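Here the structure comes first, spelled out in structure tokens, and everything after it is commentary.
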Amino acid sequence: MKKEFYSIAKLLEKNSKILDVGCGTGELMKYITENISNDIRGIELSKSNVQKCVEKGLTVIEGDAEKDLKQFPDSSFEFVILSQTLQAFLDPENVLNELLRIGKKAVVSIPNFGHWKVRLHLLLKGTMPITENLPNEWYNTPNLHMCSIKDFENYCKKRDIKINLKNLKIKNFFSELGIFIIQK
Amino acid sequence: MNKFNNIKKIIVKKPLKLDCGQTINNFPLAYETYGKLNDKKNNAILIFHALTGDQFASGINPITEKDGWWSNALGPGKAIDTDKYFIIAANVIGGCMGSFGPSDINPDTKKPYGTNFPVLTINDMVNAQYNLLEHFKIEKLFSVIGGSMGGMQVLQFVSNFPNKAFTAIPIACTASHSAQNIALNELGRQSIMADRNWEDGFYEEKKKQPDKGLAVARMAAHITYLSKAGLQEKFGRKLQERDDLKFSFDADFQIESYLRYQGSVFVDRFDANSYLYITRAMDYFDLTKRFDGNLSKAFENSDTRFFIISFTSDWLYPTSENREIVIALNAIGKNVGFVEISSDKGHDSFLLDVPDFLNTVKNFLNTSYKKIK
């Protein structure tokens with residue numbers, strides 16, 4: 001399992017009600033179910049990923065986070081998780097608003113476009129950065145709205161979103177991933 | 001009816017007040033079971049059948065001598081595993097496989113009820129089948145499962161009895177029958193009624209059968225269970241045992257021959273009045289009606305874990321209608337999973353060997369079962 005998932009799981013409270021938005025193949029959900037809380041469900045767009053979640057016996061809803069989060073009532077989850085998908089939405093601001101509406105807290109992770117490797121890649125090669133966390137070429141990347149940890153912090157400040165916790169012992173320059181707990 | 005002498009049934013003694021206002025009692029409810037009820041009585045699944053189904057979901061149907069309608073899904077080691085679970089399936093009231101229906105003899109007239117049989121609803125069907133829980137002394141079912149009209153019964157069951165099923169799998173269904181589906185059902189009914197042999201529903205006492213009308217109803221309905229792509233792939237413009245068009249109204253095309261065959265075998269096993277009554281019950285189905293149009297309220301008191309399944313090529317009960325149920329459940333924070341299975345086999349997908357579908361059912365049941373054990 002990805003290291004990131006352990007970091008995310010550590011931020012959650014035992015037996016809390018959780019929604020994993022864009023839960024992929026259900027790896028994180030499975031870990032959380034077995035170790036933290038079995039009151040968890042996921043929402044996932046890709047049919048083949050949904051099948052993989054079903055195989056793991058997870059509760060998954062096939063759907064599109066950009067459209068389908070509105071069906072959940074306010075504060076219906078203790079935690080809503082969004083792992084490295086924010087940048088892939090057409091309207092990430094809307095998704096963030098929905099996360100903060102339906103979750104008392106949201107755990108959001110973003111691939112950090114401000115990481116030194118990314119900066120160095122663009123500086124030296126002059127081409128779009130390709131790293132472990134950003135493996136795609138510019139023409140086939142699902143990422144529409146890349147941002148850096150600093151961008152995300154600035155955004156939260158501007159929108160009065162409280163950042164409860166962040167993994168910034170390693171800062172914008174050194175951290176390939178930003179993980180935040182945010183709330184309204 | 002003699003042919004039903006050897007099938008299992010309970011006689012429901014308790015009066016059942018129907019939605020139409022009439023009360024019925026001492027009526028037969030035919031059922032079949034598969035697998036064994038465990039000592040804790042927590043492995044029971046109630047299966048609801050669709051419009052033309054019956055209690056013989058698996059194995060060989062002793063009346064038709066054909067495979068049970070859900071043999072693909074139900075059996076030893078299958079998605080609904082009879083080695084593990086105790087499965088109960090009943091024939092709906094209004095049906096024609098031994099449960100109280102329009103071909104039963106009316107004790108007042110000593111003649112078959114025909115169209116004097118009361119108009120039924122999905123709610124009535126479910127309330128009648130609830131008696132099976134008492135019969136088997138089951139406090140809580142492990143699951144309620146059904147596709148199409150069976151799915152509607154699943155929804156109605158959970159709404160009526162919010163704490164009587166640990167899980168529920170409504171498949172390819174709707175919470176409220178659409179105008180298009182009412183229209184298609186009306187087409188079938190009018191086809192039966194247009195047959196001279198229908199005799200206003202009293203054909204049995206006149207020793208007639210509206211076979212032609214019923215066959216046409218089945219042919220029309222059968223098209224709605226398939227998809228355009230599925231039909232095109234299977235039949236295209238292929239000709240039936242001939243090299244060229246015959247310039248006649250014979251079944252030149254394979255699809256014509258196929259539909260005629262489907263119509264002709266159907267009339268051997270199904271009663272025309274049952275077809276009228278059951279399609280009517282489907283049309284009357286609107287779970288939101290009692291709740292001022294708010295479907296969520298139908299499930300407010302339920303603690304059932306739902307898993308809802310739809311199929312990409314099902315245009316009869318499309319994904320959008322299944323998703324409305326998901327939305328209603330999410331809106332009140334209920335536990336619900338949902339998948340749309342890719343299949344070009346149309347509405348019929350739930351009856352066929354569609355591996356992704358069968359695996360989904362199997363995985364959901366097996367992981368849920370671990371949670372209660």
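Can you check how the C-alpha radius of gyration of segment B:182-279 compares to 2.2 N^0.38 Å, as a plain ratio?
Compared with the compact-globule rule of thumb, segment B:182-279 sits at 1.20.
Cβ neighbours within 10 Å, averaged per peptide: list B:83-91, B:103-111 in order, most packed at the top. Walk me through the intermediate numbers first.
Values: B:83-91: 23.4, B:103-111: 11.7.
Output ranking for B:83-91, B:103-111: B:83-91, B:103-111.
Hey, what angle do you get for helix A:92-102 against the long axis of chain A, alpha-carbon based, 0 to 90 degrees rounded to 10?
For A:92-102 against chain A, the angle is about 30 degrees.
Please list, or write none, the lysines whose alpha carbon is within less than 18 Å of the alpha carbon of residue B:208, excluding same-chain residues fewer than 8 places away.
Output for residue B:208: B:110, B:111.
Starting from the 7 Å offset along Cα-to-Cβ, what nm value, one decimal, do you get for the label separation of residue B:288 and residue B:233?
3.3 nm
Amide H to amide H under 5 Å from residue B:31: which residues, 5+ apart in sequence or cross-chain, H placed 1.01 Å off N in plane?
B:8, B:9, B:10, B:91
For segment B:323-366 and segment A:25-91, what is the centre-to-centre distance using only Cα atoms, to the nearest Å?
That distance is 16 Å.
Of the residues B:64, B:33, B:82, which exhibits the maximal mean-square fluctuation in a Gaussian network model of chain B defined by a 10 Å Cα contact cut-off?
Highest fluctuation of the listed residues: B:64.
When the dipole is taken about the Cα centre of segment B:215-309, and only Lys, Arg (+1) and Asp, Glu (-1) are charged at their Cβ, what size is it in debye, to the nearest 20?
It comes to approximately 140 debye.
Quick one: angle between helix A:116-125 and the longest Cα principal axis of chain A, in degrees between 0 and 90, rounded to 10, please.
That helix lies at roughly 40 degrees to the long axis.
Can you give me the angle between helix A:149-158 and the longest principal axis of chain A, using Cα atoms only, in degrees from 0 to 90, rounded to the nearest 10?
For helix A:149-158, the angle is close to 60 degrees.
Which of B:230, B:75, B:263 ends up with the largest GNM mean-square fluctuation for chain B, with Cα atoms connected below 10 Å?
Result for chain B, Cα springs under 10 Å: B:230 fluctuates most.
Only sites in a loop by DSSP and with at most 16 other Cβ atoms within 10 Å count here; which trypsin sites (Lys or Arg not before Pro) in segment B:139-228 make the cut? Kindly include the intermediate steps, with their values, before the conclusion.
Numbers: sites: B:140, B:164, B:189, B:196, B:206, B:207, B:208, B:212, B:218, B:228; in loops: B:140, B:164, B:206, B:207, B:208.
Sites meeting the loop and neighbour criteria: B:140, B:206, B:207, B:208.
Averaged over its residues, how many other protein chain Cβ atoms are within 10 Å of peptide A:55-67's Cβ atoms? All intermediate terms of the calculation are to be shown ahead of the outcome.
Details: counts 5, 2, 8, 4, 10, 4, 11, 11, 7, 0, 0, 0, 0.
That average works out to 5.
In whole Hz, what ³J(HN,Hα) sequence does segment A:62-77 give by Karplus (6.51, -1.76, 1.60; θ = phi - 60°), x for Gly and Pro?
Values, residue by residue: 6, x, 10, 4, 5, 10, 9, 6, 5, 6, 8, x, 4, 6, 7, 10 Hz.
For the protein assembly as shown, what is the Kirkwood estimate of the hydrodynamic radius, computed as the reciprocal of the mean inverse distance between distinct Cα atoms, to one decimal in Å?
Averaging 1/r across every pair of different Cα atoms and inverting gives 26.0 Å.
So what is the relative contact order for segment B:182-279, in percent, with contacts set as C-alpha pairs under 8 Å and at least six apart?
30 percent
Apply the Karplus parameterisation 6.51 cos²θ - 1.76 cosθ + 1.60, with θ equal to phi minus 60°, to every residue of segment A:13-21 and state each ³J(HN,Hα) to the nearest whole Hz, in sequence, with x for glycine and proline.
8, 4, 6, 8, 8, 10, 10, 9, 8
Say the cut-off is 21 Å between C-alpha atoms; which of B:137/B:164; B:9/B:40; A:67/B:297 go over it?
Going by Cα-Cα distance, B:9/B:40; A:67/B:297 fall outside the 21 Å limit.
Nearest 5 percent is fine: what portion of the DSSP beta bridges confined to the protein assembly as shown is antiparallel?
Percentage antiparallel, nearest 5: 35.
What 222 nm value per residue comes from the helices of the protein assembly as shown, counting each DSSP H run with n ≥ 4 as -39,500 (n - 2.57) and dividing by all residues, nearest 500 deg cm²/dmol?
-10000 deg cm²/dmol
If you count, for every residue in B:335-342, the Cβ atoms of partner chains within 10 Å of its Cβ, what is the mean?
6
Averaged across B:362-370, how many Cβ atoms of other chains sit within 10 Å of each residue's Cβ atom?
That average works out to 3.
Please work out the FRET efficiency for the pair residue B:256 and residue B:206, using the Cβ-Cβ distance as r and a Förster radius of 25 Å; give the result to the nearest 0.05.
That pair, residue B:256 with residue B:206, gives E of 0.20.
Using a 10 Å cut-off on Cβ atoms, rank the peptides B:47-53, B:286-292 from the highest mean neighbour count down.
Numbers: B:47-53: 25.1, B:286-292: 14.6.
Ranked by mean Cβ neighbours within 10 Å, highest first: B:47-53, B:286-292.
So who's got an amide H within less than 5 Å of the one on residue A:61, skipping anything under 5 residues away but keeping other chains? H placed 1.01 Å off N, in plane.
Those qualifying (amide H under 5 Å, at least 5 residues apart or on another chain) are A:42, A:43, A:44, B:338.
Only the coordinates and a few stated rules stand behind these numbers; no lab work does. All figures in this text were calculated on a predicted structure; none of them were measured in a lab. Every residue, glycine as well, gets a Cβ built from its backbone with ideal geometry; the counts of neighbours run over all protein chains shown.
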